[in-house]
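Quick notes on the structure that follows.
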Amino acid sequence: MKSWPTPFIPQVPGHSPVVRVRDTASGELVPAAADDTATLYVCGITPYDATHLGHAATYVTFDLLGRALRDSGVTVRYVQNITDIDDPLLERAERDGLDWRELATREIGLFREDMTALAVIPPDEYLGAVESIPTFVAPIERLLADGWAYAVPAPDATREGAVDIYFDVSRDPRFGAVSHLDEDGMMAVFAERGGDPDREGKRNRLDALLWRAHREGEPEWDGGSLGWGRPGWHIECACIAIDHLGVPIDVQGGGSDLIFPHHEMSSAHARALSGSTSFARAFVHQGMVGLDGEKMSKSRGNLVLVSTLRRDGVDPMAIRLALLARHHRDDWIWTDADLDAAQQRLETWRSALSGNGGPVADQTIDDVRAALSNDLDSPTALAAVDRWASQTLTRGGEDPGAPGVLARALDALLGIRL
Ligand SMILES: Nc1ncnc2c1ncn2[C@@H]1O[C@H](COS(=O)(=O)NC(=O)[C@@H](N)CS)[C@@H](O)[C@H]1O
Ligand SMILES: [Zn+2]
């Protein structure tokens, strides 16, 4: 699947220290790259209601990680999927009287535009689930053959004797190592996040769907020995990460609503398929962005869309700055004040940088690098630039080259083009 144009990344003298991130699984601050190449798998959108500010916060966060890694001298291999087949997408298309493929195509186009406007560097590989379905069949067959998965009769399927395939979580001794939830904690969110705990015939209520036999009115693909149907959600990300990056990957990224079941299950499936003891060296999660007191979500419909703000003339760089003003691991509620503060900050930075001199910028650039390398601490990074800007605007500065080198650093490190 086509991604979007890569923004120009200016060269900045010097480099960042080793980039460390907080790993959800261990709770530790760990290097985001094990060697001179970092493999990043960041879960992509399910293409409807794109691109709301929660989505944008997530992709800007992992863009920041990619930029900091590059600046530290690490090569980044970045893969992202699109869940362009899934129950919520089919339901939304049904609700709006649209063909689900048309809905997905339209929303993916909007997502590409919004990512481009927000100066998000595209993944090296951008894989739709639909185009990847043929690559999911053999792995699911292998999980069945190896006893990790089992068939459950699907009496409501269109074909006689059809079965759905489930992953047996009780086979995985490390199940729960990502989320650290107990069974009650898992059951509390499993159903609302795509799970079917009460499905007749499952061995364990938390077992995850790997392959769904064709039902009337649903799209279907040839699953070989699995029969006609479509893949489950978690196996898609596990297979795409294995096929395009190899496991263990350095970072599995996404919002914190993916910790369970999605990242727990993708990790279980990938470990079962690859024999690797771990799926990702670090699981990195974006906190939830809310509106009107609740997490922004498609089901609630309390969304602020990037494209709406852009259409209303909001500078995408102000949107990006508003997102960077929060620590990526915090949950927070979006208000107009967030945007006003970001627009104010952008104006201040622009006027400070438009002069023909300023205090030497080296210390500021070092402070930005140190902050980003410390678990992507963007609020601290922005505060360092604020200090340079207010010093410049109040006392000026003697270094004629400072504005230029700092502007390039803000572009390369923060993705803020002034
Ligand atoms: N309110 C929110 N705040 C922060 N991140 C969010 C919010 N809502 C969704 N996200 C994140 O945005 C990304 C895309 O969300 S999504 O469109 O629902 N798609 C999915 O979660 C799946 N397609 C992942 S394979 C996910 O990482 C999700 O965790
Ligand atoms: Zn995913």
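The values are calculated or read from the model by the stated rules, or taken from the named source; none is laboratory data. Computed from a predicted model, the values in this text were never measured in an experiment. Positions of Cβ are backbone-derived with ideal geometry, glycine not excepted, and every protein chain shown enters the neighbour counts.
Scanning the stretch 60-94 for residues that are within 16 Å of ligand 2 (Cβ to nearest atom) and over 30 Å from ALA409 (Cβ atoms) yields a total of 9. For the stretch 349-359, check the following and say yes or no: at least one residue is more than 24 Å from the chain's Cα centre (by Cα), crowded, with 17+ Cβ neighbours inside 10 Å and within 25 Å of LEU69 (Cα to Cα). Looking through the stretch 349-359, at least one residue is more than 24 Å from the chain's Cα centre (by Cα), crowded, with 17+ Cβ neighbours inside 10 Å and within 25 Å of LEU69 (Cα to Cα). Within the stretch 235-253, the residues that satisfy the criterion of being buried (at least 24 other Cβ atoms within 10 Å of the Cβ) and either closer than 23 Å to LYS295 by Cβ or within 15 Å of ligand 1 (Cβ to nearest atom) (or both) are ILE235, GLU236, CYS237, ALA238, CYS239, ILE240, ALA241, ILE249, VAL251, GLN252, GLY253. Summed over the stretch 180-201, the residues that are crowded, with 20+ Cβ neighbours inside 10 Å and either assigned to a loop (DSSP other than H, G, I, E, B) or modelled with pLDDT under 95 (or both) give a count of 1. When the criteria are applied in full, PRO219 meets the requirement of being away from ligand 2 (no atom under 16 Å from the Cβ), closer than 17 Å to ASP164 by Cβ and out of contact with any Ser or Thr (no Cβ under 8 Å at 6 or more places or on another chain).
Does ARG212 satisfy being in contact (Cβ under 8 Å) with a residue 60 or more places away in the chain and in a strand (DSSP E or B)?
Details: in contact (Cβ under 8 Å) with a residue 60 or more places away in the chain: no; in a strand (DSSP E or B): yes.
So ARG212 does not fit the description; no.
In the stretch 318-329, is there at least one residue being at pLDDT 95 or above, outside the structural domain of GLY255 (by TED's automatic domain parsing) and within 20 Å of PRO7 (Cβ to Cβ)? No: zero hits. Residue check: ALA138 meets all listed conditions (1) assigned to a helix (DSSP H, G or I); (2) farther than 30 Å from THR51 by Cα; (3) not assigned by TED's automatic domain parsing to the domain that holds GLY224 but one, namely (3).
Given the condition assigned by TED's automatic domain parsing to the domain that holds MET317 and modelled with pLDDT under 95, answer yes or no: does some residue in the stretch 32-44 qualify? No; the residues of the stretch 32-44 include none that is assigned by TED's automatic domain parsing to the domain that holds MET317 and modelled with pLDDT under 95.
As a summary of the residue check, ALA238 satisfies the conditions (1) within 16 Å of ligand 2 (Cβ to nearest atom); (2) of a type outside the set (Val, Ile, Thr); (3) closer than 21 Å to MET187 by Cα except for the one numbered (3).
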